[in-house]
1. Could you check how much of the accessible area of the range 61-100 is carbon and sulfur, as a whole percent, using a 1.4 Å probe?
2. Give the shape of the range 73-137 as rounded, prolate or oblate, defined through the alpha-carbon gyration tensor: a ≥ b ≥ c are the square roots of its eigenvalues, a/c under 1.5 means rounded, and otherwise the shape is prolate if a/b is larger than b/c and oblate if not.
3. In terms of the Cα gyration tensor, with a ≥ b ≥ c the square roots of its eigenvalues, is the range 90-185 rounded because a/c is under 1.5, prolate because a/b exceeds b/c, or oblate?
4. Calculated from DSSP H runs of 4 or more alone, at -39500 (n - 2.57) each and per residue, what is the 222 nm mean residue ellipticity of the chain, nearest 500?
5. In Å², what does the accessible area per residue of the chain work out to with a 1.4 Å probe?
6. Return the distance in nm (one decimal) between the two label points of a simple spin-label model at LYS169 and ASP18, each offset 7 Å from Cα along Cα→Cβ.
7. So what J values fall out for the range 164-170 if you push phi through Karplus, 6.51 cos²θ - 1.76 cosθ + 1.60 with θ = phi - 60°, rounded to Hz, Gly and Pro as x?
8. Could you compute how much accessible surface LEU84 exposes when probed at 1.4 Å, giving the result in Å² to the nearest 10?
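The values are calculated or read from the model by the stated rules, or taken from the named source; none is laboratory data. Bear in mind the structure is a predicted one, so any value in this text is a computation, not a measurement. Backbone-built Cβ (ideal geometry, glycine too); neighbour counts: all protein chains shown. For accessibility, only protein heavy atoms count, side chains too; no ligands or nucleic acids. Shrake-Rupley method; radii C 1.70, N 1.55, O 1.52, S 1.80 Å.
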Amino acid sequence: MDVLEAIEKRRSIRSYTDRPVEKDVLERLVKTAVKAPTGSGMEPWGFVVLQDQKEIDTLSERVKQKVLNNMADYPQFSQYESWLRNEKYHIFNHAGTVLIVYGDCASPWHVYDCSLVAGNIMLAAENEGIGCCWIGFAEALFNDADFKAEHHVPEGYHLVSTLSMGYTKVPVPPCTRKDPVFFSWTK
Ligand SMILES: Cc1cc2nc3c(=O)[nH]c(=O)nc-3n(C[C@H](O)[C@H](O)[C@H](O)COP(=O)(O)O)c2cc1C
């Protein structure tokens, strides 16, 4: 699959088969993804992989409860309150793999660099039949000091991206987007 095809086909996938994402496949995806451009050549990324289904399920519940109990702190999630109140809603959509990208704040470019890596992972995953979904809800928990300490994230690293991942069960048709706006185009 060439890169243009992957860009065209990629969608946020929220339904996965039972097949686990194999360690060698995930490592290959990440090793490819870190070929992304990196500000000042600092390569400020580090990763946490969750593949324990019980832990993933528990974390989904913890995120839901934390956001619902502190709604005022999360205005960006207020429009999703009914989802979070739904006991069947699983923030990772029952994915068997959750990949978290942390950025080293010592780099002023860490958010850009790590977002580029996350984008590359999603595109490279497309080639393997692996679907991904960026899970913004996870920000409510994965940046907490105790979560980071538990998962050996060094001091100074900040959460940038959380991806739920799994072999795609229900594909989603290619997306449409609004026409891009060009604020100016000088000649
Ligand atoms: C920063 C960011 C946060 C997102 N957070 C969530 C999320 O918490 N849950 C979810 O189901 N989808 C989430 N998404 C996926 C978007 O809903 C999705 O990208 C958008 O609807 C466009 O659909 P597409 O990715 O299939 O083209 C997030 C996407 C981004 C880029």
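1. 46 percent
2. It comes out oblate by the Cα gyration axes.
3. In terms of gyration-tensor shape, oblate.
4. For the chain, the value works out to -10500 deg cm²/dmol.
5. 60 Å²
6. Those two pseudo-labels are separated by 1.0 nm.
7. My calculation for the range 164-170 gives 7, 9, x, 5, 5, 8, 10 Hz in order.
8. About 0 Å², ignoring ligands and nucleic acids.
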